[in-house]
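Remarks on the structure that follows.
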Amino acid sequence: MMDPRAWRRFRRNRGAIVGLALVGLVNAVAWIGPAFAPFDPSEQLEGGTDPQTGAPVPPGTHLAGRGTLWLGADEVGRDELSRLLAGTRISLLVAFGATLLAVALGVLIGILAGYAGGPTDTVAMRSIDLLQSLPFLLVAIALNRVIDRPDLWVLCLVMGGLSWTTLARVMRAKTLQVRELEYVQAARALGAPAARLLLRHVLPNAIQPALVLGTTLVAQMIIFESAMSYLGLGVRPPTPSLGSMLHSGQQWLTHQPVLVLAPSALIVATVFGFNLLGEGLRDVLDPKD
Amino acid sequence: MTRYVLRRLAWALFVVWAALSLVFVLVHGVGDPAAATLGPRAGAEQLREFRRKHGLDRPLLEQYARYVAGVVRGDLGTSFRDEQPVSRVIATRLPRTLLLGALALAFELVIGLGLGIFAALRRNTIWDTGTVALTFVGISAPTFVTGLVFLYVFAFLYGWFPVGGYGVDALDHLRHAILPAFTLAIFGAATYARLMRSEMVEVLGSDYVRTARAKGASRLRAALAHAARNAMLPVVVLVGLQLSTLVSGAIITEQIYAWPGMGRLAFEAISALDAPLVLGVVLVTAATVQAGNLLADIAIAALDPRVRMTG
Amino acid sequence: MCSIRRTDAGLAKRLRASLLLGALVGAGCPSPPQGPRWQGAGSPTPRRGGTLVFHHESDVRGFDPHTSFDELSNMGIKLLFEGLLDYDADGHLVPRLAEAMPEVSDDGLTYTFRLREGIRFASGRPVTAEDVRWSLERMLHPRVGSPGLTFYTNLEGLDAYRDGRAQHIAGIRVIDERTVAFRLRAPDQTFLYAMAMTFANVVPRENVERWGAEVARHPVGTGPYVLESWEPGVRVVFRRNEHYWRPGRPYPDRQIFELNLSREPAFLRFLNGELDIIHRQSPADYLYLKRSPAWRPYWVQRPSIDLWGYAMNCELPPFDNVHVRRAVAHAIDRQRWARTRLYRIRPTGQPLPPGLLGYRPDLPHTQRFDLEIARREMALAGYTLRDPDGDGIPEPVLTVEMWIGEGPTGQVYGELVQSDLRRIGITVQLKPVSFPVYLRESGKPRTVQSLMTGWSQDFPDPADFLDILFHSRAIHDHDSENRAFYRNPELDALLDEARVERDRERRGRLYERAASIVARDAPWAFTFNSMKLDAWQPYVRDYRPHPVWDNYYAELWLDLPRRRIARQVGGGGTALAWLGWPWSLP
């Protein structure tokens, strides 16, 4: 799909380039960053908490013989920067895993339901109804009981498996709309195979909402993960994730805002980057205007 | 049309029943409501007594049959926690949550759609980029952070709003609802804005807007007259989906702003494994979601007559 | 695509614009208060009148002293109800509805109480000895299912009554209008404490019969206040009881109980002067109070009579080996814990909290942090610790699972244990669980390997800790309270002897021995007693945290009218203030 012209178009699209840079940066933080972490992210440093008050030490505190805590410590005295580096990796893993699953499920089920209609549609839509009628919290608590040992891939499965319904509904509506367009009807009447119709007419129309909702989902998943940590379904402590760091940093907001601001900034950067990139890709792949 | 609606209605009832049954199994399999209600100090004898009193010592199937029979008669049972009829507890909480949810939805639609249309009309200008950037922050910001910051800045430092709570009379309730509703609306508004913008951009580039403009209509008029309806489709779907949160409440926002709605209730009920209350909340939520989906489907059919009546 | 360049320029512009916006918002921002906003009128003596506003972060179930048993309901129950006995501000038992402490027969089995004269229910009806009996019989009736039952099982004739073989409890005898006697099956030094619990509070029969299962929403008692109104999930308003028997009391006309108000908004309201007293703070708010000189006179931090620790299941390997348990008990760095928790906990290494009979600071076998001992005990248990890289972290020799509560606090304790036990070669895997799951599973034998757990007093007596947490009688097939499943016949015998011992000094020595045995055998690594900080407005006077009842506000008075304290010249808001920095004081 990526012919030289498309690449040229992409290069000229500075929004996309900025997005690519941001995504590259976040990925560098996640995959290369931990190698340069000044401390072990789960070591509770002796000088990490103030000896008088017990509060986490502020950004820039220097520990003799150990190095500097550039972003200060967290509430049990671990280096916030090292945790941030390690946490970004975990969050990206989980968020991408879950988003990919959700988008794949949502697009697939939505398009199939919309295109096939009939019983397929009915079954798909009723499952969505059922899934959306269940309170998430309860399902999560129940899963917590069933899955004895939460693991990263379990987390992806649960989060992705619970989050595809919105996209599926939007995709179905979109497909219904496309299916009725005259040229699609005509192609159908001429006996074009369904697979070709789906690929040529339906899928291109689906990319846009999938990108828009998908990039939104990445952010949602990172925050979702923090709620899951809260319920005991998230990553296992002491493994850090952006969401869980945000959550435990929250009660320090007025004392040490960096514990909230730092993970927030990384979440925003991730979402912003992926979104710009997504929009750029759309312009490149679908040069309608 | 009537047949379609009736069939959808039957399905909706089925889904509500299925959700209720599933949750019934979950909530009775997850933990021990007796211990959860009576706390760590309860001796074995009290626990037995509690289980007997609430029929928890009967076979699960019998409990289930009793519960369903009760629901059919309109009796949602009695809460374990405070010995009140579940229907009465929900009747107190639901209007508060609806007020908050409706206000939030209004904020979302006004802000979200407004920003989306605004950005699309000024595509590729600094206004557009600014709006889009704003929506990213809106999507990435968790409520437990924005809620606290708003509470601190706008309620405490500036004193423009009350510092959480529910107030005493109707007008006061509304005053108390503004800040939490706004907090709640940020995510939705950002989502709507982005969706609306991308739909509008597509529509603005399409043939009929070009034709309309060639005929001399202004861009805005052309877009709204010919195209907004098209762009509204996914928005309507999303609103329909959102009804569930509107009814089941928002746990974190309600907690930060001390808003005594369904979210807190549901959370406490689940934490305490108060099965009748949990099931009551599920029933109301599921029923509303179903109603919402039904309305959304009908609205879609009305907005776009080409969509065939299926499902 | 031509407009892309403009977008980029916009990026820079937008950055500049948002910085400017931040600065503007910051500049216009009022600075936060550095101290209290209101002060009292300066009245030298207690005065009547005014309304006290307090809060809790959860919702209240109801106010039935016989069935409600949690911190939250008790805050209201202590305003509405009373029993024969109560505690004074120092935690000593004192007569309340009783005229004096009861007469005890020589065999230690019969306690005779005489009611004060002229006591009335809030409805106006006089209280009689018959009401005392009826109330206890109601609480102990099987149909009521009160959690208080366990405290009164020693009453004579209780079983016959509960089985329906007797109309009344034979051990409760009404002698005349104002005299009632209790007879026990065996001597029991905890009986008087049981009579001071809310379960033994006196309620009017006609009110209970009128409201049935909903009586908790319509409380009537003899306490200083009556229920005025209740908006579910929002607030409960209490009004002065016009029939209250203590002359001149209570001082405030009304007390308002705000519900469902979590820590952060509660603290902001407190700073605003909308709440008069607060009892729970986020770490940031707690530090603000502790570091603010202007607030210093208006808070007290007091240890609670409770016990927290890391419980190890003595029936499951590796904790069936006493040496492993002792190694763990000596590997917990309690001082570091206290610091990490901002000194909101007080380290301990023994099963009895300070202030209780049998507590001795220098108790033999007190657990303390000592890695030497811990490593020696690991060796005795057969684990050789190797530390080839010499970083103080030996290679893991054991992996154990530890259950913690959901949420940030449970997680912190889990991580503290994790980090401490790494130093003796034990890898701890944390499993966060919800409270109901924790209750159910940890009460079953051979189920949970280890967990963070705690206990807080029902009454200030060592039996309430040792009998419940470590006696083999507290082990059942379900719902065990002895969650370490520790059994020791020697300890059981000591505890049974101490429970009936009437000589206080001898009793104290027995409990000392018992506590020392438990500390030695280390079914728990004892870690800390918690500390509670109560803060109040300057115009709230004579408030003293009660040693037994948490958040007990019946005795204080309000120095009204309150006056606004002139605003200090603040540092002015800055962009930093807008980001939430302002509470860190110089």
Original post:
Restricting to the stretch B:26-58, what's the tally of residues that are assigned to a loop (DSSP other than H, G, I, E, B), under 32 Å from the mean Cα position of the chain (by Cα) and modelled with pLDDT of 80 or more?
Top reply: 2
Original post:
In the stretch C:155-202, how many residues are part of a helix (DSSP H, G or I), within 16 Å of C:Arg133 (Cα to Cα) and in contact (Cβ under 8 Å) with a residue 24 or more places away in the chain?
Top reply: 9
Original post:
Quick one: would you say C:Ala213 is surrounded by fewer than 21 Cβ atoms within 10 Å (Cβ to Cβ), more than 29 Å from the chain's Cα centre (by Cα) and of a type in the set (A, V, I, L, M, F, W, C)?
Top reply: no
Original post:
What are the pairs, 6+ residues apart or on separate chains, where a residue within the stretch B:39-60 that is more than 7 Å from chain C (Cβ to nearest Cβ) has its Cβ under 7 Å from a residue that is in a loop (DSSP other than H, G, I, E, B) and modelled with pLDDT of 80 or more?
Top reply: B:Arg51/B:Asp57; B:His54/B:Phe80
Subject >> Residues of the stretch A:50-91 that turn out to be of a type outside the set (Lys, Arg) and either on the phi > 0 side of the Ramachandran plot or not in a loop (DSSP other than H, G, I, E, B) (or both), as a count >> reply: 24
Subject >> C:Leu52 among the aliphatic types (A, V, I, L, M), surrounded by fewer than 19 Cβ atoms within 10 Å (Cβ to Cβ) and either outside any helix (DSSP H, G or I) or at pLDDT below 85 (or both) >> reply: no
**OP:** Check the stretch A:214-222 and report whether any residue there is more than 25 Å from B:Met232 (Cα to Cα) and either at pLDDT 80 or above or surrounded by fewer than 19 Cβ atoms within 10 Å (Cβ to Cβ) (or both).
**Re:** yes
Subject >> Checking C:Arg507 against (1) open to solvent by 20 Å² or more (accessible area, probe 1.4 Å); (2) assigned to a helix (DSSP H, G or I); (3) at pLDDT 95 or above, the condition it does not meet >> reply: (1)
Original post:
Are any of the residues in the stretch B:116-130 assigned to a helix (DSSP H, G or I), within 25 Å of the chain's Cα centre (by Cα) and hydroxyl-bearing (Ser, Thr, Tyr)?
Top reply: no
**OP:** Could you tell me whether any residue of the stretch B:78-89 is modelled with pLDDT under 90, touching a helix residue (DSSP H, G or I) at 6+ places or on another chain (Cβ under 9 Å) and hydrophobic (A, V, I, L, M, F, W, C)?
**Re:** yes
Original post:
From the list A:Gly114, A:Gly110, A:Gly118, which residue is within 14 Å of chain B (Cβ to nearest Cβ), touching a Lys or Arg at 6+ places or on another chain (Cβ under 6 Å) and modelled with pLDDT under 90?
Top reply: A:Gly114
Original post:
What number of residues within the stretch C:469-500 are in contact (Cβ under 8 Å) with a residue 40 or more places away in the chain, surrounded by fewer than 18 Cβ atoms within 10 Å (Cβ to Cβ) and not in a helix (DSSP H, G or I)?
Top reply: 1
**OP:** Kindly list the number of the only condition in (1) within 13 Å of chain C (Cβ to nearest Cβ); (2) more than 16 Å from B:Tyr192 (Cβ to Cβ); (3) not charged (D, E, K, R) that fails for B:Leu99.
**Re:** (1)
**OP:** Could you tell me which of the residues A:Leu259, A:Leu242, A:Leu253, A:Leu197 is among the hydrophobic types (A, V, I, L, M, F, W, C), within 11 Å of chain C (Cβ to nearest Cβ) and open to solvent by less than 10 Å² (accessible area, probe 1.4 Å)?
**Re:** A:Leu259
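Do you know which residues across the stretch A:21-37 are of a type outside the set (Gly, Ala, Ser) and in contact (Cβ under 8 Å) with a residue 24 or more places away in the chain? Quick ask: steps written out before the conclusion?
Taking the stretch A:21-37 as the starting set, the residues that turn out to be of a type outside the set (Gly, Ala, Ser) are A:22-23, A:25-27, A:29, A:31-32, A:34, A:36.
Within the stretch A:21-37, A:Leu22, A:Val23, A:Leu25, A:Val26, A:Asn27, A:Val29, A:Trp31, A:Pro34, A:Phe36 meet the criteria.
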Original post:
For C:Ser229, which of the numbered conditions (1) within 14 Å of chain B (Cβ to nearest Cβ); (2) among the hydroxyl-bearing types (Ser, Thr, Tyr); (3) buried (at least 22 other Cβ atoms within 10 Å of the Cβ) fails to hold?
Top reply: (3)
**OP:** Return yes when C:Pro147 is closer than 30 Å to B:His173 by Cβ and part of a loop (DSSP other than H, G, I, E, B) and no when it is not.
**Re:** no
Subject >> Out of B:Val168, B:Val132, B:Val201, B:Val149, sole residue that is open to solvent by 10 Å² or more (accessible area, probe 1.4 Å), within 13 Å of another protein chain (Cβ to nearest Cβ), out of contact with any helix residue (DSSP H, G or I) (no Cβ under 6 Å at 6 or more places or on another chain) and touching a residue at least 24 places away in the same chain (Cβ under 8 Å) >> reply: B:Val132
Subject >> Residues located in the stretch B:172-212, provided they are among the polar types (S, T, N, Q) and within 21 Å of B:Val137 (Cβ to Cβ) >> reply: B:Thr183, B:Thr191, B:Ser198
Original post:
Which one of these does C:Arg249 not meet: (1) within 14 Å of chain B (Cβ to nearest Cβ); (2) modelled with pLDDT under 95?
Top reply: (1)
Original post:
So which residues in the stretch B:283-295 are open to solvent by less than 10 Å² (accessible area, probe 1.4 Å) and hydrophobic (A, V, I, L, M, F, W, C)?
Top reply: B:Ala286, B:Val289
**OP:** Scan the stretch A:26-49 and give yes if some residue there is open to solvent by 40 Å² or more (accessible area, probe 1.4 Å), more than 13 Å from every other protein chain (Cβ to nearest Cβ), among the β-branched types (Val, Ile, Thr) and closer than 27 Å to A:Met221 by Cα, otherwise no.
**Re:** yes
**OP:** Name every residue in the stretch B:4-30 that is of a type in the set (Phe, Trp, Tyr) and open to solvent by 80 Å² or more (accessible area, probe 1.4 Å), in order of residue number.
**Re:** B:Trp11, B:Phe14, B:Trp17
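Restricting the search to the stretch C:403-419, which residues are open to solvent by less than 30 Å² (accessible area, probe 1.4 Å) and more than 9 Å from every other protein chain (Cβ to nearest Cβ)? Lay out the reasoning, then the answer.
Taking the stretch C:403-419 as the starting set, the residues that turn out to be open to solvent by less than 30 Å² (accessible area, probe 1.4 Å) are C:403-404, C:407, C:410, C:412-419.
Correct list: C:Trp403, C:Tyr413, C:Val417.
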**OP:** Go through C:Ala284, C:Ala294, C:Ala331, C:Ala266 for me and flag whichever is buried (at least 20 other Cβ atoms within 10 Å of the Cβ) and either without any contact (Cβ under 8 Å) to a residue 12 or more places away in the chain or farther than 25 Å from B:Ala258 by Cβ (or both).
**Re:** C:Ala331
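Just checking: which of the helices (runs of 4 or more DSSP H) contained wholly in the stretch B:147-252 hold 3 or more residues that are at pLDDT 85 or above?
B:170-204
Going residue by residue through the stretch C:432-439, is there one that turns out to be away from chain A (no Cβ under 14 Å) and surrounded by 22 or more Cβ atoms within 10 Å (Cβ to Cβ)? Give the steps one after another, and end with the answer.
Taking the stretch C:432-439 and keeping what is away from chain A (no Cβ under 14 Å), we get none.
Scanning the stretch C:432-439, I find no residue that is away from chain A (no Cβ under 14 Å) and surrounded by 22 or more Cβ atoms within 10 Å (Cβ to Cβ), so the answer is no.
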Original post:
Can you find a residue in the stretch B:71-79 that is within 14 Å of another protein chain (Cβ to nearest Cβ), open to solvent by 30 Å² or more (accessible area, probe 1.4 Å) and not in a helix (DSSP H, G or I)?
Top reply: yes
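The values are calculated or read from the model by the stated rules, or taken from the named source; none is laboratory data. Everything numeric here is computed off the predicted structure, so don't read it as measured data. So basically every Cβ, Gly included, is an ideal-geometry build from the backbone, and we count neighbours across all protein chains shown. To get the accessible areas, we keep the full protein, side chains included, count just its heavy atoms, and leave off ligands, DNA and RNA. Shrake-Rupley method; radii C 1.70, N 1.55, O 1.52, S 1.80 Å.
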